[in-house]
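Trainee: Here you go, one structure.
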Amino acid sequence: MRLLIVGTLGGQLTTATKIAMDRGASVTHAANISEAMNVLRSGRGADLLMVDVNENITDLLENIERERIHVPVVACGLETDAKAAVSAIRAGAKEYIPLPPDPELIAAVLSAVTEDRRDLIFRDPAMASVVKLAEQIAPSEASILVTGESGTGKEVISRFVHRKSARSSKPFISINCAAIPEHLLESELFGHEKGAFTGAMARRIGKFEEAHGGTLMLDEISEMDIRLQAKLLRAIQERVIDRVGGSKPVPVDIRIIATSNRDLSEAVKAGTFREDLLYRLNVVNLKLPPLRSRPSDILELAEHFLKIYAKANGMPASALGEDARKVLLGNEWKGNVRELENTMHRAVLLSGGEEITADAIRMPDGSPIQAGPVEDTASRAAAQAAEAVSHAMVGRTVADVERDLILDTLDHCLGNRTHAAKILGISIRTLRNKLNQYADEGISVPAPGELRAGT
């Protein structure tokens, strides 16, 4: 969490800074709006601006919008500054924090802005296998493609990989490719030079340079325009970028994690996604199962969210009643973890007793969730898993299954022997011996940078 404090905060700057740092924030101070804009352009960036109401917040927000910088702003001022507070909110500030600063209020604002509920909570074997793979490949420099339905936790697993990597002390920068208009995304990613286009008042550092030394997550990459994909491919291959309007390449040192809720191989066939870019990104694929296929996680996550929202709303934690558990296990959760989280938030607000009952488990419009038999979700997932295992292994030798596992993993790694050996948990020498054996048997073995014939 990167916090930029603008102004003196009515003499409370030191106190506010200490509170924010105690909550894990990295704090930068700018004496005025001009200094704040220089920080935002420089690549140091910020996830949140706390601005003294005595500063011209309207002017700040206009500058931010003009220069296409996306960052939320909260205003801070003395409790008696009612008029200034109203003006700040009208100008576009997201929140107003009265001074002197209250530690819990600042913590709540930081949490709300950064959506600081990114704990990796799981119990189900289907999710455990994905987490294990994530841990195995985290120390490498391999690009990763995280796929799965909306709401399954693609950003959560991406941050987990970053924390487990050698880059954990460096920035984790995320950009949603679907949320930024096509004509602005290039500047957001690569930055721009002064005068590169109308409104480019000064040099602006993009997300690639912000993430230097760390990890850049390209969320919903399937929504990126195919023309911009060519520039992205060059950046990944050459480790250099070109700012919009720039005259010389800029070297960058980053790891790429891309996410998508769509089948990118189908997008390649449709001509909306570059095949060579897919190969570059898909060195390892972390495929997140939908919540309905990981039933053991439903109650674990539900209780986790209950604790979070009880605390956030100043309410005592309530136990999850047996009837509520049946409703939760009987739902298909088409919105996955995100839908479950919102449902538990509503349950905290609707529950009036010491126990969360089925009556509190409702849809956004207040209508009850229709629960099927408790066994439905679990048995459905178990049946799917059993069928997959049956088709994959029954009637085959151990050697056959081992061979397919090795070659499929090698495909995932685009023929990279070192990465494949790490994922498989075997030595590179053992892997090479196996591959030589397969080649002698006339089996196609991908060369580095290639896929097997027919895949």
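Trainee: Below 8 Å, C-alpha to C-alpha, sequence gap of six or more: please give me the relative contact order for segment 89-210 in percent.
Mentor: Once divided by the residue count of segment 89-210, the mean separation gives 14 percent.
Trainee: Counting only protein chains, not ligands or nucleic acids, how are ASP22, ASP411 ordered by accessible area (probe 1.4 Å), most first?
Mentor: Result, largest first: ASP22, ASP411.
Trainee: Tilt of helix 103-114 relative to the longest C-alpha principal axis of the chain, in degrees (0 to 90, nearest 10)?
Mentor: 50
Trainee: Same structure again: Once ligands and nucleic acids are excluded and a 1.4 Å probe is used, how much of SER34 is accessible, expressed in Å² to the nearest 10?
Mentor: Roughly 80 Å² of SER34 is accessible to a 1.4 Å probe.
Trainee: Using the crude model of +1 on Lys and Arg Cβ and -1 on Asp and Glu Cβ, and no other charge, please compute the dipole size for segment 1-62 relative to its Cα centre, in debye to 20.
Mentor: The calculated dipole for segment 1-62 is roughly 300 debye.
Trainee: Follow-up question, since we're still on this one. Please tell me which of these pairs span more than 32 angstrom C-alpha to C-alpha: LYS94/LYS194; LYS94/LYS311; LYS154/LYS269; LYS154/LYS326; LYS248/LYS422?
Mentor: Details: LYS94/LYS194 29 Å; LYS94/LYS311 22 Å; LYS154/LYS269 24 Å; LYS154/LYS326 27 Å; LYS248/LYS422 37 Å.
Check vs 32 Å cut-off fails for LYS248/LYS422.
Trainee: Moving on to the next point. What's the ranking of 88-95, 362-369 by average number of surrounding C-beta atoms within 10 Å, highest first? Walk me through the intermediate numbers first.
Mentor: Details: 88-95: 17.8, 362-369: 10.8.
Result, highest mean Cβ count within 10 Å first: 88-95, 362-369.
Trainee: Related question: Kindly provide the helix-only [θ] at 222 nm of the chain, computed as the sum of -39,500 (n - 2.57) over DSSP H runs of four or more divided by all residues, to the nearest 500 deg cm²/dmol?
Mentor: Mean residue ellipticity at 222 nm (helix-derived): -14000 deg cm²/dmol.
Trainee: Report the relative contact order of the chain, percent, no decimals, based on alpha-carbon pairs under 8 angstrom and at least 6 residues apart.
Mentor: Reported relative contact order: 12 percent.
Trainee: For the chain, which whole-number percentage of the solvent-accessible area (1.4 Å probe, protein heavy atoms only) is attributable to carbon and sulfur atoms?
Mentor: Solvent-exposed carbon and sulfur of the chain make up 50 percent of the total.
Trainee: Note the full-extension length gain between ARG417 and LEU405 as 0.36 nm times their separation in residues minus their Cα-Cα distance, in nm to one decimal.
Mentor: Contour length minus the Cα-Cα distance gives 3.0 nm.
Trainee: Determine, for each peptide in 202-213, 418-429, the mean count of other beta carbons within 10 angstrom over its residues, then list the peptides with the highest first.
Mentor: Descending packing order for the listed peptides: 202-213, 418-429.
Trainee: Moving on. Taking the Cα atoms only, what angle lies between the long axis of helix 82-91 and the longest principal axis of the chain, rounded to 10 degrees?
Mentor: Helix 82-91 and the main axis of the chain meet at about 40 degrees.
Trainee: Taking the solvent-accessible surface of protein heavy atoms with a 1.4 Å probe, what is the per residue accessible area of the chain in Å²? Write down the numbers at each step before the final one.
Mentor: Values: 22010 Å² over 455 residues.
That works out to 48 Å² for each residue.
The values are calculated or read from the model by the stated rules, or taken from the named source; none is laboratory data. All values derive from a computational prediction rather than experimental measurement. Backbone-built Cβ (ideal geometry, glycine too); neighbour counts: all protein chains shown. Just so you know, the surface numbers come from the protein's heavy atoms only, side chains and all, with ligands and any DNA or RNA stripped out. Shrake-Rupley method; radii C 1.70, N 1.55, O 1.52, S 1.80 Å.
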